[in-house]
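Asks: Would you mind keeping the following structure in view while I ask a few things?
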């Protein structure tokens, strides 16, 4: 973000960002851009005709020319109608072009983040990531809109300058001498906005994070009477956001008054000189009136160009943050020419596996065990032993720091990610579903599966009964995170998804630990069917799960301290026996 705050259009980094935006996202809209230029030129030309029409009308009025009764009204009507039509198409084309560019930026960001390393995505809260798609793209959208409109404003000014030169070049020189005085103050204001823009975008992301967190913990807030504490926390966040927004508003709002004063000074100078000249009979009323009309018409595009620099600074800060996301290179990638995972029954081997988190914490330290095909391996141990970390290394959500994870003899880092993950299904403790139909949530296990296959998976997962009782059956929406379903129903939908995938390896992060007895019984039956004939590795939190396992691996400090069956480990009276006695399967 600090790099973004130092950007200005003349900086090499800013030019690089703008050229990248042009080449990668804007230049593809050449057809629309050509039409925008045409509509802009026609709009500017129609506006530039106004002063000349006024000049002609005043001259005809002074001469008592009767043609003023029909000629001037028809001319004004024709000019305004023509301008209205070109203005409409200009504005519509500009918005369509800008929105298309923003959409492509959002697509690129989302595509990158869905393929980025899990550690990168977890580094920021979901709300902070979402702000990249809303706050940052909004600043880019505003800057692009103003930049394209700025071209139109420039053309309008050129047309009006031509009218003023045609009507009275001396008055033009007097008026034009004042406006360059605003350049230096506007540049200084732009520098302040550069510093403030990135901070404001970060504040908005932090506020969104706080709100998401507070609302998602609504039950905890009420149960522990944290309303006042949360209110105070939100009040501090809103106060900081308010200060940042007010600071931005103050900087932005200095520009228009400054240009207004300069415009007034220009009109005053023109009136003074024109009055002196009229006293000596050196000009006509028509020329003077037409010139003042052109000068006043030029005020709005001049103000817009004056504020363009501020919008560009904010847009560059947002663009730097967007490209910062897109440019982050994932480390978990397919090796060149990576083959598919070889055929097999799902034999999983951990060979002296070590893993370090990006912040230096140790996740695993020399973990070794073997999960034979078709058997169930339970990983148990105290909190922080590395059980979930070990599970995450199998589908390469993270990569090992040293050692190897093998599936059917192949190092998971040497095979293609697509083939690796197609062979694995994961069911977590919190079965969060997508805000889509139940059928769509199940079908995510195997996109393109038939309705019959989806129904069969639901039947096998003991979910068909409750689905049939829902208002719209399989078409019923699960709601955000699956909130319209109970915990047991969500778990059975997740199991149906895994069944539909028909994986050779099943990873379970104790899928029944948060369920009531009735729901657990239904889910356990479905799990028994799901595990049949598959290698299953489960992070166990309940003794009932461990007893059913073919192999128990007791872990501590990232290592396998003991391994064996439930009965064998009880006889050893070591770590596992202590965990059983205290029921502390964390």
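Please treat every number below as a calculation from the coordinates, not as lab data. As the structure is a computational prediction, the values presented were derived from the model and not from experiment. Here the Cβ positions follow ideal geometry from the backbone for every residue, glycine too, while neighbour counts run over all protein chains shown.
Asks: Roughly what would the spin-label model give for residue 368 and residue 104, points 7 Å off Cα along C-beta, in nm?
Replies: 5.4
Asks: Right, here's the next one. Would you kindly give the portion of the calculated P(r) for segment 378-442 that falls above 20 Å, as a percent of all Cα pairs?
Replies: Details: 889 of 2080 pairs.
Tail of P(r) above 20 Å: 43 percent of Cα pairs.
Asks: Can you compute the modelled spin-label distance between residue 112 and residue 436, with each label point 7 Å from Cα toward Cβ, in nm?
Replies: Placing both labels 7 Å beyond Cα along the Cβ direction yields 2.5 nm.
Asks: Taking 8 Å as the Cα distance limit and 6 or more residues as the minimum spacing, I'd like the relative contact order of segment 531-578 as a percentage.
Replies: Result for segment 531-578 is 23 percent.
Asks: Please arrange 203, 383 by how many other C-beta atoms lie within 10 Å of their C-beta, fewest to most. Display every interim value, and only then the final one.
Replies: Values: 203 20, 383 8.
Going from least to most buried by this count: 383, 203.
Asks: In what sequence, highest mean first, do 332-343, 82-93 appear when ranked by Cβ atoms within 10 angstrom?
Replies: By packing density, highest mean first, the sequence is 82-93, 332-343.
Asks: So how much slack lies between residue 340 and residue 74, counting 0.36 nm per residue of separation and subtracting their Cα-Cα distance, in nm? Can you show the working numbers first?
Replies: Values: separation 266, 0.36 × 266 = 95.76 nm, distance 7.54 nm.
Value of the extension gain: 88.2 nm.
Asks: How large is the Kirkwood hydrodynamic radius of segment 311-456, in angstrom, based on all distinct alpha carbon pairs?
Replies: 18.3
Asks: With N set to the number of residues, divide the alpha-carbon radius of gyration of segment 529-586 by 2.2 N^0.38 Å and report two decimals.
Replies: The reported ratio for this selection is 1.11.
Asks: Please work out the FRET efficiency for the pair residue 557 and residue 233, using the Cβ-Cβ distance as r and a Förster radius of 41 Å; give the result to the nearest 0.05. It would help to have the intermediate numbers written out before the result.
Replies: Working: r = 36 Å, r/R0 = 0.87.
Approximately 0.70, to the nearest 0.05.
Asks: Let me ask another. For q values of 0.13, 0.16, 0.23 Å⁻¹, compute log₁₀ I(q)/I(0) with the Debye formula on a Cα-only model of segment 363-415, without solvent.
Replies: So the normalised log intensities are -0.32, -0.49, -1.02.
Asks: Follow-up. Hull surface divided by four, with the convex hull built on the Cα atoms of segment 422-544: how many nm²?
Replies: Taking a quarter of the hull surface, the average projection is 6.8 nm².
Asks: Follow-up. Which FRET efficiency value, to the nearest 0.05, is calculated for residue 34 and residue 241 with the Förster distance at 41 angstrom and r the Cβ-Cβ distance?
Replies: 0.50
Asks: So what's the gap between the Cα centers of segment 401-453 and segment 101-128, to the nearest angstrom?
Replies: Between the Cα centres of segment 401-453 and segment 101-128 lies a distance of 20 Å.
Asks: Under the 0.36 nm per residue contour assumption, what length would be gained going from the current alpha-carbon distance of residue 528 and residue 419 to full extension? Could you put the intermediate results ahead of the total?
Replies: On the way: separation 109, 0.36 × 109 = 39.24 nm, distance 2.53 nm.
Gain on stretching residue 528 to residue 419: 36.7 nm.
Asks: At what distance in nm do the modelled label points of residue 329 and residue 92 sit from each other, each positioned 7 Å from its Cα along Cα→Cβ?
Replies: 4.6
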